[in-house]
Each structure stands twice: as structure tokens, then as C-alpha cells.
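Shown next, in C-alpha cells, is the structure this report addresses.
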Amino acid sequence: MAFTPKGIVIPVITPVDSEGRFNEAEYRKLLQYFLDNGIAGVFPFGTSGEFYAFDNGFYRNMLEVTMDAVGGKMDVYAGANHITPKGAIELAHIAEECKVDALSVLTPMFVSQTQKEVAAYYRTVAAETSLPIVIYNNKPKTNVTVEPATIRELAQIDNIIAVKDSTGDMTNSEEYIRLTRDIPNFHVLMGRDTLILASLHYGAAGAITSCGNVAPRIAVDIYENFQKGDYKAALEAQFRLSALRIATNMGTFPVVIKEALNMIGFNVGNCMAPIQPLSEEQRAKLKAVLVEIGLLK
């Protein structure tokens, strides 16, 4: 496939109003913020985007707005996440109609699967779409993993072109890279914000970073300084982003991301129920982190 994932990609949050309706104006403002700060791609309907909270009509509308707002200036990855292959394929077909660049397909949730079943799931979805697919492994959230040997097997499929590793296990990421380094046009993307620089040293193509919603320039600084060989500056940027990532542990994900965006001037609303807002004490701690990393005075 011609598509090559690279650089810093943002799994964008979903801005909503007080009634839970899509806030298109604020979303367009957020996408422009990413463009202005050198982001390579945007990823609607990932974990940060609360994909589980919205129906297919909402999904289509937000993807259409994304494509219009981006106008070819960033790659667009669409989440196609479901428990069944049928459900993921339905989302994939909507994404195709919206002309996105690639899909991110999460492992099925709730159902505990063997590696044979995981592989069959991705083979089935890949056979039903022409879009490039990024396998999304987020074991801490789904309790399902894609083992390195399974990734090597799936990487042989033409339109499976990458894996996003959000396990937080650097050995797992290293094995993904080691076992696929001889496969043309297959790439590993880091999905844990504290490990972006480490993964780049191992050979990752880039990162999909939730904290990039709030601090896109800091995330881009990690990548760009690494590419220039300025490892000291890359490390300093990594430390700044890591402070924000650690702060996300204060609440149910992605509430800290949304509250931080509200603090720095984006009216993105609250997370969808049952996720609750931060306490005043937690907000004070978050504000201190934003000041520390230079996003608030």
C-alpha cells in the first residue's frame, strides 16, 4: 500500500455541548490548533474520542467534518472499533465513503480471545475494506492483546500496514519492531505517551499520542528533535509530555484530557456519562502541571 504512517498523530477528543451533541465549531478550532503545530495526522474515534459513546450517524458526521476541515493537510485515521467483525466492517465502510486515509481497528472488547481468534478477526476485517489498517492493541483497556508473533503473521496482509501499541510494555513494542523489521511497509506506532522517545530509538515510525490533544507542539518536538539528532532536546520534550500523561491517572480516561483542553481555552465539554468531571482538588493539580509544562501562566 502507498500509505505510510509516520510522525505525531492525535487521537482527537470528541467535543460536545451540554446536551452531548457534537460541537462542530470547537472541533474545527481544535483541528486548526493541530495543523498550526505540525501534527502529521488526526485519529477520530479512538479511546480519547470516546468511540463507544456515539452512534453511526454521529460517526459519519464527525468524519465528514474532519475531512472537510483537514483538507488533505493531515492524514485522517478513523477508528473502526467493535466487538464483532460485522460491526467493525460496517464502520469501515462508512469511513471508506468519507474517504479517510486509514483505519485504526481495536481488538474486540469484552470477549476473551485466543490468538487464533484475534488473527481471524483482523483477517476478516482486512478482507472487507480497501483501506490501510492500523491494528490497535490497548490491553490495559480491553484485556485482549495481540502478541508479537501474531503481529508478524498479520503484517503479511497487504492492507495491514501498522500496529499501535498502547500496552505500555516496551518489551512488547520492541518485539513488534524486531519481528517486523524485514516486512516492507509495516510500521509500529507508539501508543503510550511516556514511551515515544524510547520507541523512536528502537525504530518506531511515530506515535499516536492522547496528550497531543493538549500539547501538540511538545509531542511534535519529541519527534522532530529526534529526527534531527538533537536527542537532548527530544528528551526534554518527552519529560514535559510525560508529566501531563502521568496526570491523566487522576481521573477516568479521557477526562483529564478534556478538562485540560477546557483550561487552555477550548470549549470541548465534558466526557460522556458515566465518566464524571474532576474534583476541585484534582483540577488544581492539573492546572499546576499545565503551568509547569508551559501551557498556562
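The values are calculated or read from the model by the stated rules, or taken from the named source; none is laboratory data. All values reported here derive from a predicted model rather than from experimental measurement. Ideal geometry is used to build each Cβ from the backbone, glycine not excepted, and the neighbour counts take in all protein chains shown.
Taken together, Ala126, Ala92 contain a single residue that is crowded, with 21+ Cβ neighbours inside 10 Å, farther than 30 Å from Gly38 by Cβ and in contact with a strand residue (DSSP E or B) (Cβ under 6 Å, 6 or more places away or on another chain), which is Ala126. Restricting attention to segment 185-196, the residues being within 15 Å of Ala234 (Cβ to Cβ) and either surrounded by 24 or more Cβ atoms within 10 Å (Cβ to Cβ) or β-branched (Val, Ile, Thr) (or both) number 4. Which members of segment 31-64 meet the condition of being without any contact (Cβ under 8 Å) to a residue 60 or more places away in the chain, crowded, with 18+ Cβ neighbours inside 10 Å and not in a loop (DSSP other than H, G, I, E, B)? Selection gives Leu31, Val42, Phe51, Tyr59, Met62, Leu63.
Among the residues making up segment 109-129, those that are at pLDDT 95 or above and assigned to a loop (DSSP other than H, G, I, E, B) are Thr114, Glu128, Thr129. Look through segment 245-297, keep the residues that are basic (Lys, Arg) and touching a residue at least 12 places away in the same chain (Cβ under 8 Å), and return whichever of them is surrounded by the most Cβ atoms within 10 Å (Cβ to Cβ). For segment 245-297, the residue satisfying everything is Lys258.
Of all residues in segment 93-105, those that are within 10 Å of Ala78 (Cα to Cα) have Cβ atoms under 7 Å from Cβ atoms of residues that are at pLDDT below 95 and of a type in the set (Phe, Trp, Tyr), 6 or more apart or on another chain, in Asp101/Phe3; Ala102/Phe3. For segment 219-252, the set of residues classified as in contact with a Cys (Cβ under 8 Å, 6 or more places away or on another chain) and closer than 21 Å to Phe34 by Cβ consists of Ala219, Leu241, Leu244, Arg245, Thr248, listed by residue number. Scanning segment 158-167 for residues that are assigned to a loop (DSSP other than H, G, I, E, B) and crowded, with 16+ Cβ neighbours inside 10 Å yields Asn159, Ser166, Thr167.
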